[in-house]
Every structure is written in C-alpha cells, then in structure tokens.
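Heads up: the structure comes next, in structure tokens.
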Amino acid sequence: MSQQQTPLFSGLLEHAKKNPVQFHIPGHKKGTGMDPEFRNFIGDNALSIDLINIGPLDDLHHPHGMIREAQQLAAEAFGADHTFFSVQGTSGAIMTMIMSVCSPGDKIIVPRNVHKSIMSAIIFSGATPIFIHPIIDPNLGISHGITIDAVEKALKAHPDAKGVLVINPTYFGISANLEKIVEIAHSYNVPVLVDEAHGVHIHFHDELPLSAMQAGADMAATSVHKLGGSMTQSSVLNIRGNLVSPKRVKSIISMLTTTSTSYLLLASLDVARKQLATKGRELIDKTIGLANSTRSEINTIPGLYCVGPEILGTKATYDFDPTKMIISVRNLGITGYEVEVWLRKNYNIEVELSDLYNILCIISIGDTKETTGILVNALRELTEKFLDTSHIVEKKVISVHVPDIPTLALSPRDAFYSETEVIPFKESAGRVIAEFIMVYPPGIPIFIPGEIITQENIDYIQENIDVGLPVQGPEDATFKTIRVIKEHKPFI
Ligand SMILES: Cc1ncc(COP(=O)(O)O)c(C=O)c1O
C-alpha cells in the first residue's frame with residue numbers, strides 16, 4: 001500500500017455509497033432519526049459514515065481489514081513497528097503505555113509536571129512514581145523537560161524501574177536530548193515512554209526536534225488531533241523495539257477503549273496520516289516560516305518578547321519547536337491571563353493558554369498570514385493601550401517560587417483507595433492528602449494522593465490563589481477543606 005491511500009476512509013465511503021438498509025446502531029440511521037437542526041448542521045456526509053464495527057468495516061479491537069491496513073500505513077509513516085489508533089485521546093494512549101509496563105508495586109520514573117492521565121494510570125496500575133523535578137525557567141516561569149543528569153541519577157538509584165516517562169516536547173515546545181535519554185535508559189534495559197501530545201508534526205520536518213520514534217524511544221502517545229490535522233480525541237500510540245510487548249499493548253489499549261469506536265475519528269486519523277506523510281514537510285515548512293516571521297514582528301513590539309532559539313543551550317533546553325509562540329508579557333506589568341481576556345474581548349482571539357507571565361499561541365498548518373496578522377495587530381494595540389492607559393490593571397510583580405516536592409507516604413493508589421475524611425485545609429499540615437492539587441504555572445502538581453502536606457505547600461497554594469491563578473484539583477474548589485487519609489486514634 002502507498003501513503004497516498006486511505007484504506008479506512010475509502011472503505012467507509014465505498015460502504016456508504018452502497019446505501020445499505022441499516023438494522024444496526026447507531027439508531028440515528030444516517031441522520032434520519034436525529035434532531036433536524038443538528039443533522040442539518042453536521043451534514044449528511046458526516047452522518048453517513050458515523051458507523052459501527054459491522055462485518056465489512058473491521059473492528060478496532062481485532063483489526064484484520066481496513067483498520068489494520070490504516071494502522072500499518074500509520075506505523076510506516078511514524079517510523080514505528082506498530083501503531084494503535086486511539087479514540088480515547090492521548091490520555092487513553094498514555095494510560096495504555098504505563099499499564100503495559102507497570103504492575104502493582106513497580107516503579108516508574110516520571111517528571112513531576114505530568115498530565116493528569118499519567119497520574120491516573122499510576123493509580124490504576126498501582127505503580128510507584130519516582131519523581132524527577134523538571135527544570136523551571138526563571139525568566140518565563142514555565143517548566144521545561146528533564147535533564148540527562150537527572151535521568152541518570154534516577155536510574156542509578158532505581159535500576160529496577162519499569163519505565164522512564166518523558167514529556168517531549170513540552171506544551172511550550174521545548175525538548176530534551178531524547179536520544180541521549182533513550183541511550184541511558186536502554187543501558188539499564190528500561191523502556192522509554194514518551195508523552196508526545198504536543199509533537200505529532202515534529203516527525204515530519206527535519207528542522208524540528210527529533211520525534212520519539214526517531215530518537216529510538218519504545219513507545220509514544222501522540223496527539224494527531226492537536227497538531228496533525230485529525231479530529232479532536234483521535235490519537236495514536238506508536239511502539240518500536242523489543243522492550244515492550246505489542247501483544248500486551250494491544251490487550252491493554254483494548255481494555256481501556258470503548259466498544260463503540262467512532263469511525264469519524266478513525267477515518268480522520270487515516271486522512272491526517274496521509275496528509276502528514278505525503279505533504280507534511282511542505283506544509284510544516286510553510287508553518288515554520290510563518291511562525292518565524294510572526295515571531296520577528298512580535299519582537300519589534302515594545303514590551304513583548306516572543307521566545308526564539310536563544311532559549312536553547314541549557315541542560316533542559318536541547319531543542320525547540322518554533323511553531324509554539326511563547327509570548328512573555330511580563331514587561332507590560334499585566335499577567336498573561338489578563339492579556340488572554342483582553343484579546344478575547346477586543347479581537348475575538350482565543351489563545352492556547354495563558355499564565356502569570358506569558359500567553360502561548362500555536363501556529364499550525366491551518367494558519368495563514370491573515371490569521372497571524374490579526375494577532376500581531378492585536379498585540380500592537382494591546383501594548384499601545386497599555387502604554388497610554390496604564391490604569392488597565394495595576395502592576396504586579398510576582399516571583400517564581402516552587403516549594404520542595406512533598407514526601408510520598410503511601411503509593412498514590414493506596415491513598416486513593418484509603419478511608420478518607422475532610423478537614424480544614426489550613427489545618428492540614430502533617431496529614432496525608434487523598435486528592436490532587438495542581439497550580440498553573442509552573443504546571444507542576446503541588447500534591448498527588450499519598451503525599452504529606454507541609455505548611456510550605458499550604459502557603460504556596462494560598463499565594464497562588466491570592467494572585468488569581470487557577471488552582472485545581474480538590475473536591476472543594478474554594479479550598480476551605482481538603483480530603484485526607486483518615487487517622488484512627490486509639491480509644492480511651
Ligand atoms: C502534556 C499532555 N499530555 C497529554 C495530554 C492528553 O491529551 P488528550 O487531550 O488527547 O487526551 C495533554 C492534553 O492537553 C497534554 O497537554
């Protein structure tokens with residue numbers, strides 16, 4: 001088969017063209033049983049291929065026909081031995097990676113600034129996390145990746161770990177020396193699992209950081225939907241080498257996947273793979289050019305700084321993806337969050353994210369000079385407005401401060417399943433927490449279930465709440481109370 005072919009999408013079209021009389025789910029039956037307003041909006045084309053795993057259409061759980069062919073083409077395009085399609089997002093692929101290598105009690109080396117799906121998988125599998133502290137950028141207040149030294153130290157102390165998990169590239173587009181990390185981990189026979197949620201495109205352009213498969217990693221959970229042109233929720237899990245068992249991965253991904261897999265999502269993976277494999281280089285080349293010229297323009301605007309290659313050269317900043325525009329607004333004296341709100345209100349612009357000091361704008365293969373021009377104009381006006389109406393917001397100077405990682409008293413799984421009680425948050429120092437608490441920035445979970453609460457961390461959380469940052473996690477969003485492991489006092 002050639003990369004020009006789309007066996008899954010083409011197979012669905014062929015099936016729909018026959019216009020079969022359907023006595024199977026979905027019960028909307030090509031849209032005729034659906035609310036007309038939604039049906040008209042979505043369109044009959046999409047609804048005609050919103051199908052299910054009937055005989056001619058293969059089955060994601062036991063692929064032997066068009067889905068198998070589409071996955072094989074994807075494996076070839078990504079340089080993997082096997083590719084598994086995920087309709088459970090990259091979260092599902094990440095959970096599969098971890099549960100494929102970890103059994104209860106096993107250790108896994110992970111950076112501390114992990115996505116919640118990683119901690120969920122650690123709880124499900126019963127693994128014990130060995131944390132590596134990511135490097136914090138003191139100028140930007142964001143966390144980068146992990147260093148080679150830290151991986152080496154962690155493996156030396158825990159050579160029995162069942163995996164090393166790396167976020168590569170980070171949300172902000174920064175990548176570590178993944179090839180070297182893989183070399184070190186493999187010298188211990190330990191597989192490297194990559195959270196590649198923000199890097200599907202990097203595989204298809206040689207000026208971008210090395211992809212997980214190019215760097216020799218064993219598994220990668222890759223969001224095709226984020227930057228590769230497929231529909232939201234569709235991702236791939238790529239595997240290679242002989243440190244992980246494809247059979248085990250296949251059975252775990254199946255355990256974690258709905259039996260009603262969306263063929264719209266699956267078909268969109270098939271066509272996105274074709275586009276990336278056949279035109280990816282050309283499209284990404286244009287995207288990089290557009291991002292670089294936008295970056296140069298933004299950097300002529302007084303008060304703004306759009307991060308470029310000068311960020312490279314530290315232990316944690318080995319390479320970067322120029323299509324991620326980290327725009328530091330720190331010198332304007334307003335927070336990134338305030339800029340996000342201003343852009344929404346005044347220019348109908350939605351950014352990818354904001355934090356205390358920055359906004360993050362993603363330039364993708366869907367952008368044009370027109371869209372980036374709107375952003376640059378908006379940023380110009382923002383800075384002009386700020387200069388002559390400095391009353392917009394009061395100036396705030398907040399230092400980047402990250403407390404020590406708390407001590408883990410129980411495995412996250414044991415803590416999650418323990419008997420718990422709710423107590424006042426301010427009085428919780430010394431107790432073992434049963435919930436997650438995360439603060440962005442710098443994107444590091446302050447607490448995961450099983451850790452001992454310290455006064456330093458309580459103060460840090462309060463500090464972040466006071467400056468208006470989104471502190472997330474606990475059942476009680478007001479932070480008056482917190483759920484902790486119940487202590488059984490002796491009877492008198
Ligand atoms: C670093 C990282 N990993 C994993 C994920 C999960 O991806 P998905 O939303 O496709 O489940 C995200 C989502 O934002 C992410 O930022």
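The length gained on full extension between Glu282 and Asp404, counted as 0.36 nm times the residue separation minus their Cα-Cα distance, comes to 39.4 nm. Label separation (Ser296 vs Thr478): 5.5 nm, computed from points 7 Å beyond Cα along the C-beta direction.
Working note: Cα gyration tensor of the range 412-485, eigenvalues times five, square-rooted, sorted largest first, giving semi-axes of 19, 13, 11 Å. The candidates Asp81, Asp218, Asp367, arranged from most to least accessible area with a 1.4 Å probe in the full protein assembly, appear as Asp81, Asp367, Asp218.
Note: the range 225-285, Cα convex hull, 108 Å³ per residue. When nucleic acids and ligands are ignored and a 1.4 Å probe is applied, Glu297 ends up with an accessible area of around 80 Å².
Over the chain, the alpha carbon radius of gyration divided by the compact-protein estimate 2.2 N^0.38 Å works out to 1.03. Taking a span of 30 Å or more along the helix axis (Cα atoms) and a mean Kyte-Doolittle hydropathy of at least -1.0 as the rule, the DSSP H helices of the chain that qualify are 263-298. Principal semi-axes of the equivalent ellipsoid, √(5λ) from the alpha carbon gyration tensor of the range 1-117, are 34, 20, 13 Å from largest down.
The value of relative contact order for the range 153-201, using C-alpha pairs under 8 Å at least six residues apart, is 47 percent. Taking a quarter of the surface of the Cα convex hull of the range 137-192, what do you get in nm²? Computed as one quarter of the Cα hull surface, the answer is 4.0 nm². Judged by the ratio a/c of the largest to the smallest principal axis of the C-alpha gyration tensor, the range 277-357 counts as oblate, that ratio being 1.5 or greater while a/b is no larger than b/c. In this structure, Glu463 and Asp44 have a Cβ-Cβ separation that, at R0 = 45 Å, corresponds to a calculated FRET efficiency of about 0.25.
Using C-alpha pairs below 8 Å separated by at least 6 residues, the relative contact order for the range 412-485 is 43 percent.
Could you tell me the calculated FRET efficiency between Glu152 and Ile54, based on Cβ-Cβ distance and R0 = 51 angstrom, to the nearest 0.05?
0.50
Of the listed residues Glu310, Glu340, Glu352, Glu475, the order by accessible area with a 1.4 Å probe, largest first, is Glu475, Glu310, Glu352, Glu340. For a paramagnetic label modelled on Tyr417 (point 7 Å from Cα along Cα→Cβ), amide N atoms under 20 Å away belong, within the range 457-491, to 484-488. Summing charges over all other residues whose Cβ lies under 11 Å from the Cβ of Asp160, with Lys and Arg as +1 and Asp and Glu as -1, gives +1. Summarising the strand pairing of the chain, around 70 percent of its internal DSSP beta bridges are antiparallel. Here the label points at Ser260 and His133, each 7 Å from Cα along the C-beta direction, are separated by 4.8 nm in the simple model. With viscosity 1.002 mPa s and temperature 20 °C, the Kirkwood radius over alpha carbon pairs of the range 229-334 converts through Stokes-Einstein to a diffusion coefficient of 120 µm²/s.
Work through the residues other than His198 whose Cβ is under 15 Å from its Cβ and net out their charges, Lys, Arg +1 and Asp, Glu -1.
Result for the neighbourhood of His198: -3.
A simple count of charges around His82, restricted to other residues whose Cβ falls under 13 Å of its Cβ and scoring Lys, Arg +1 and Asp, Glu -1, yields +2. Note on Tyr188: accessible area is roughly 80 Å² with a 1.4 Å probe, heavy atoms of protein only. Take every Cα pair under 8 Å whose residues are at least 6 apart in sequence, average their separation, divide by the length of the chain, and the relative contact order is 14 percent. Extending 7 Å from Cα along the Cβ direction at Val376 and again at Lys17 yields two label points whose distance is 4.5 nm.
The values are calculated or read from the model by the stated rules, or taken from the named source; none is laboratory data. Just so it is clear, the model here is predicted, and its values are computed rather than measured. Every residue, glycine among them, receives a Cβ derived from its backbone with ideal geometry; neighbour counts consider all protein chains shown. Accessible surface areas use protein heavy atoms only, side chains included; no ligands, DNA or RNA. Shrake-Rupley method; radii C 1.70, N 1.55, O 1.52, S 1.80 Å.
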